[in-house]
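The values are calculated or read from the model by the stated rules, or taken from the named source; none is laboratory data. Quick caveat, the model's predicted, so the values are computed rather than measured. Every residue, glycine among them, receives a Cβ derived from its backbone with ideal geometry; neighbour counts consider all protein chains shown.
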Amino acid sequence: MARSWGQFPAPVAAALGLYNVRYFYDTEFIEDGKTIELVSIGIVGENGSEYYAVSTDFDPSKANSWVKENVLAKLPSPQDSAWKPASTIRTEILEFLTRSSTPIELWAWVGAYDHVVLAQLWGDMASLPKRLPRYTRELKQLWEFAGRPSLPAVPKGNHDALVDARHNLAKFRACTEVLPLSKGNRINF
């Protein structure tokens, strides 16, 4: 008789690939309506793993006043080890997200731009590694489906990509308290 994922302890189910691993992320970027440049990216796994990087490849002179004030002003010192070329960020993200053979899910709050910025680390969408999803699941939509429950307060340091990625995980948890999801993203009633 076949067993469903719910009949296995979570670590066994994950090891068997019976459900996906969720990652919550945020990017900060410079865009002008034609191009979009990564400034920073933060990723948080449901298991507590974290990744953060600031690109050395963006041109700060292209940033609008909002990005200068709310994003660039909060970046770590350029001597910080978080600053890396996009090629290094690309390699590290792929390694971070694909440590195990378990399929992954990407989640973001209003994540369309975030997904484009992430995908462009590899060039066009066709160049995205096969192990990475071709879309990002939408936290704001989950929040609406859940009946717009109260969300955790906006943390100090927002618009820091890692702070916002952590907040995305907290928002996901707030939503799934009122609209529980199975590990396979099925609604549990």
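The requirement of being outside any loop (DSSP other than H, G, I, E, B) and under 18 Å from Ile89 (Cβ atoms) is not satisfied by Asp57.
Restricting attention to the stretch 122-133, the residues that are of a type in the set (Lys, Arg) and either in contact (Cβ under 8 Å) with a residue 40 or more places away in the chain or exposed (fewer than 11 other Cβ atoms within 10 Å of the Cβ) (or both) total 1. Reported count of residues in the stretch 50-64, each being farther than 20 Å from Gly111 by Cα and either in contact with a Gly (Cβ under 8 Å, 6 or more places away or on another chain) or among the hydroxyl-bearing types (Ser, Thr, Tyr) (or both), is 2. Among the residues making up the stretch 46-84, those that are among the acidic types (Asp, Glu) and more than 25 Å from Val154 (Cα to Cα) are Asp57, Asp59, Asp80. Within the option set Thr102, Thr27, Thr98, being in contact (Cβ under 8 Å) with a residue 60 or more places away in the chain, surrounded by 15 or more Cβ atoms within 10 Å (Cβ to Cβ), of a type in the set (S, T, N, Q) and over 18 Å from Val163 (Cα atoms) holds for one residue only, Thr102.
Within the stretch 81-130, restricting attention to residues that are of a type in the set (D, E, K, R) and out of contact with any Ser or Thr (no Cβ under 7 Å at 6 or more places or on another chain), which residue is farthest from Leu38 (Cα to Cα)? Of everything passing the filter in the stretch 81-130, Arg99 is farthest from Leu38 (Cα to Cα).
Does any residue of the stretch 61-84 turn out to be surrounded by fewer than 15 Cβ atoms within 10 Å (Cβ to Cβ), touching a Pro at 6+ places or on another chain (Cβ under 8 Å) and either among the polar types (S, T, N, Q) or modelled with pLDDT of 95 or more (or both)? Checked the stretch 61-84: at least one residue is surrounded by fewer than 15 Cβ atoms within 10 Å (Cβ to Cβ), touching a Pro at 6+ places or on another chain (Cβ under 8 Å) and either among the polar types (S, T, N, Q) or modelled with pLDDT of 95 or more (or both). When Val67, Val39, Val44 are checked against the criterion of being assigned to a helix (DSSP H, G or I) and closer than 21 Å to Trp109 by Cβ, Val67 stands alone in meeting it. Can you tell me which of Gly147, Gly157 is closer than 19 Å to Leu179 by Cα, at pLDDT below 95 and surrounded by fewer than 18 Cβ atoms within 10 Å (Cβ to Cβ)? Only one candidate qualifies: Gly147.
Whenever a residue of the stretch 164-189 is at pLDDT below 75 and crowded, with 17+ Cβ neighbours inside 10 Å, its partners that are among the hydroxyl-bearing types (Ser, Thr, Tyr) and part of a loop (DSSP other than H, G, I, E, B), lying with C-beta atoms within less than 6 angstrom and at least six residues away or across chains, give the pairs Lys183/Tyr19. When Val117, Val110 are screened for being closer than 22 Å to Glu92 by Cβ and at pLDDT 95 or above, only Val117 passes.
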